Amino acid sequence: MPNILLAQEDTGFREEFARLILDFFPTTHIQTAKEWAELPAALSSVPAPSVLLADILWGGEDRSPELLLLAESHPVTSFAVFGRYDLAGSLPPGYPIPLLQPDEHLPLRLSESMENLSGTLFGPYQASAPAGPHLLGRLYWGRHQQLQRDVQLLVPPAGSATFAKAIRAMARVHHAAVYALYESVPWENRIVVAMEPPVHPSLLHYRMAGTPVPLGTGARLATALGSIHADMESWNVPARLLGEYDYTLSPQGVPRLRNPVAHSGMPEVTAMENAKRLAGLLEPLLERDTKTQLLISLLRNPGPSAFDLIRRAREFERQLAEFKEIHVRKEEIEATKKTMQARVRRRWVRSLGTVSTALFLLGAGWLVFQKFLANRPARLTHEEIRIPAGEVILDGKSATVPAFALDRHEVTIGDYETFLTNLVYMDWKQFLPAGYTKTSQSDFEPKSWKTQLARARNGDALSFFLPRGVRITRDSPVCGVDYASAYAYANWKERRLPNREEWVRAATGNDRRTYPWGNTPPGGDIHLGGEAAKKFALDAGLLLQAPAGSFPADRAPFGHMDMGGNLSEWITPSNDALPGLMGGNFADEAPVANSLPPRRLAEADARVGFRTAR
């Protein structure tokens, strides 16, 4: 008879969930815990619970890190998360404990959680005991009978539709600093994967134990992260956002990472995003001094690519060696040397193929060059400017505008791509303004979205109407977003669209300018139209929005860019008015004064963008 431990501080929800479980499994024995402090003793009871269903929110505090450590220390019990709120967006990145929902899939998910395959023979591997949770299934300690090698065996749920694809993606990473996948073994209707076991504590363990991380070890983590990302970028392997549980450290300070591949619909991130995340994880664990701040600053500004991160991290390690010897194990040096040699061989085999003729070498080099330039990441980070309270003149009347903050740049293609990716994991209807509806996630995409994203990934030239060298990138403002989608984006970011008073305050400043850049008409250095060719481009559906800041003269009094040209911007309507647009755009033949009333469009087109406020 299975024994389920139900841990939830809300008595009503706990009892309701218990009744739901008994409806499906009448013979189940349910034990409850209403306080977090009761969990360690309840998990240590004899016999141990088969399954723990626990909330991560206790007394308003997030207990997901502590729950993960409990899952490690009590691997015989299968852990799962359930809560009285929707926790889909609350779990840390790559969190291995599964989330259960009270829906029609609950019986199957519970049955999977109750499964214990200890003692099972998977090909040459003998499973001995559970080893804890994994994002793709459950881990067991195992041993290869012939090689006498200890491993962890990853066993997926029966009938998993995503496991094989996820493992294929993870198997594309071969790096000395990443725990290895050894092999896959067919078993009944499943595939079991033998993995190198992570035996060292993670940054999560360091934080929970209050153990500081040496500065040299932090520098090695930065170098390892850059090296792994560079290797993945070389092979076009997408990376996921890494959390503190993904980084482990040996007693000698050698870093190893859990597999960093983005799979099963995970959002993809760049080396820059993971470097900034690592800065936030390391900052509370390192001693506070000048050299520490240099490392944190390096991680927060790593450069545009993973190769820049490697170069800067290694330079920091060399500088650090002037103060303190950096100990490197002989086996680490040998492993790194072999990895670099293997990487060089793979690149020559893949990129050059054969060295039979010099012409072929030049052709292969060109292909490699194109490979490295494809799918360019965003470089622009979100930045807002605080605007003090002040007065504006609208329609001949003075109005006081309270202090607020407004984005320096318009929302970019990269920003909107992240938004659309995250909509898959949440109830997107909650973000829409009142009175607006959408039927599916794809309704948030502008009509030209696929074209915008494809050209931004390739860094295509915008058109012959713009200066030579201007290209569309993920740092170009997204265009064609309708009002409801712009409102939803701002709401998702826990921000909002500015109103007319705020937009005019940012554009006019304290000197009440006629245009965002000043009081005189532009001389061609503002991204406006005025040419028949640009009007033709709009009719033909060409993309003409320039990357943020491409026209430095279009700078508003507080430092906001592109308020006078490039794209017109959505504002929130006053009272029952329709949503309107402020500012000029690339198709306007004349500059648009700040004092003019908002313009209206029947539907958003390539001239329309937006920025957010709070």
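The values are calculated or read from the model by the stated rules, or taken from the named source; none is laboratory data. For clarity, every value in this text was computed on a predicted model and none was experimentally measured. Because the Cβ atoms are built from the backbone with ideal geometry, glycine has one as well, and the counts that use them run over all protein chains shown. Quick note on the areas: whole protein, heavy atoms, side chains included, nothing else; ligands and nucleic acids left out. Shrake-Rupley method; radii C 1.70, N 1.55, O 1.52, S 1.80 Å.
Only helices enter this figure: runs of n ≥ 4 DSSP H residues, each worth -39500 (n - 2.57), summed and divided by the residues of the chain, yield -9500 deg cm²/dmol at 222 nm to the nearest 500.
Its alpha carbons give the range 174-264 an Rg and a Dmax of 14.7, 48 Å.
Cross-link pairs exceeding 25 Å in C-alpha to C-alpha distance, out of 291/338; 291/493; 276/493; 165/493; 165/429, comprise 291/338; 291/493; 165/493; 165/429. Protection proxy ranking of 504-512, 450-458, 434-442, by the mean of other Cβ atoms within 10 Å over each peptide's residues and highest first, is 504-512, 450-458, 434-442. Once the Cβ-Cβ distance of residue 425 and residue 283 is raised to the sixth power relative to R0 = 25 Å, the FRET efficiency obtained is 0.35.
Any chance you could run the full-extension gain for residue 437 through residue 600? It's 0.36 nm times the residue separation minus the Cα-Cα distance, nm to one decimal.
Contour length minus Cα-Cα distance gives 56.7 nm.
Note on residue 144 and residue 348: the extension gain reaches 70.0 nm, defined as 0.36 nm multiplied by sequence separation minus the Cα-Cα distance.
Sorting the segments 561-569, 583-591, 416-424, 598-606 by their residues' average number of neighbouring beta-carbon atoms within 10 angstrom, most packed first, yields 561-569, 583-591, 416-424, 598-606.
For helix 413-423, report the angle its Cα long axis makes with the longest principal axis of the Cα atoms of the chain; keep it between 0 and 90° and round to the nearest 10°. It works out to around 50 degrees. Provide, in order from the shortest bin, the percent of all Cα-Cα pairs of the range 1-158 in each 10 Å bin, continuing until the bin that contains the maximum pair distance. Percent of Cα pairs in each bin: 10, 40, 35, 12, 3, 0. Between 0 and 90 degrees, the angle of helix 290-300 with respect to the longest Cα principal axis of the chain falls at about 70 degrees. Would you mind getting me the FRET efficiency between residue 405 and residue 300? Use the beta-carbon distance for r and R0 = 25 Å, nearest 0.05. Efficiency at R0 = 25 Å is approximately 0.80. Distance distribution note for the range 181-332: the fraction of Cα pairs above 21 angstrom is 47%.
Helix 64-73 and the longest principal axis of the C-alpha atoms of the chain enclose an angle of approximately 20°. By the compact-protein rule of thumb, 2.2 N^0.38 Å, the alpha-carbon radius of gyration of the range 110-216 corresponds to a ratio of 1.18.
Taking every DSSP bridge with both residues inside the chain, close to 75 percent are antiparallel. Relative protection proxy for 306-312, 67-73, from highest mean packing down: 306-312, 67-73 (other beta-carbon atoms within 10 angstrom). The slack in the chain from residue 174 to residue 209, taken as 0.36 nm per residue of separation less the alpha-carbon distance, amounts to 9.5 nm. For residue 34, a cut-off of 15 angstrom between C-alpha atoms picks up these aspartates and glutamates, skipping any fewer than 8 places away in its own chain: 9, 10, 15, 16, 55, 61. Calculate the FRET efficiency for residue 44 and residue 22 from the Cβ-Cβ distance with a Förster distance of 25 Å, rounded to the nearest 0.05. Efficiency at R0 = 25 Å is approximately 0.50. Roughly speaking, to the nearest percent, how much of the chain's 1.4 Å accessible area is carbon and sulfur? Carbon and sulfur together cover 54 percent of it.
With only alpha-carbon pairs counted, each pair once and no self-pairs, how large is the Kirkwood hydrodynamic radius of the chain in angstroms? Don't skip to the end; give the middle numbers.
On the way: mean 1/r = 0.0362 Å⁻¹.
One over the average 1/r among Cα pairs gives 27.6 Å for the chain.
Looking at the chain, the accessible area is 47 square angstrom per residue; that uses a 1.4 Å probe and ignores ligands, DNA and RNA.
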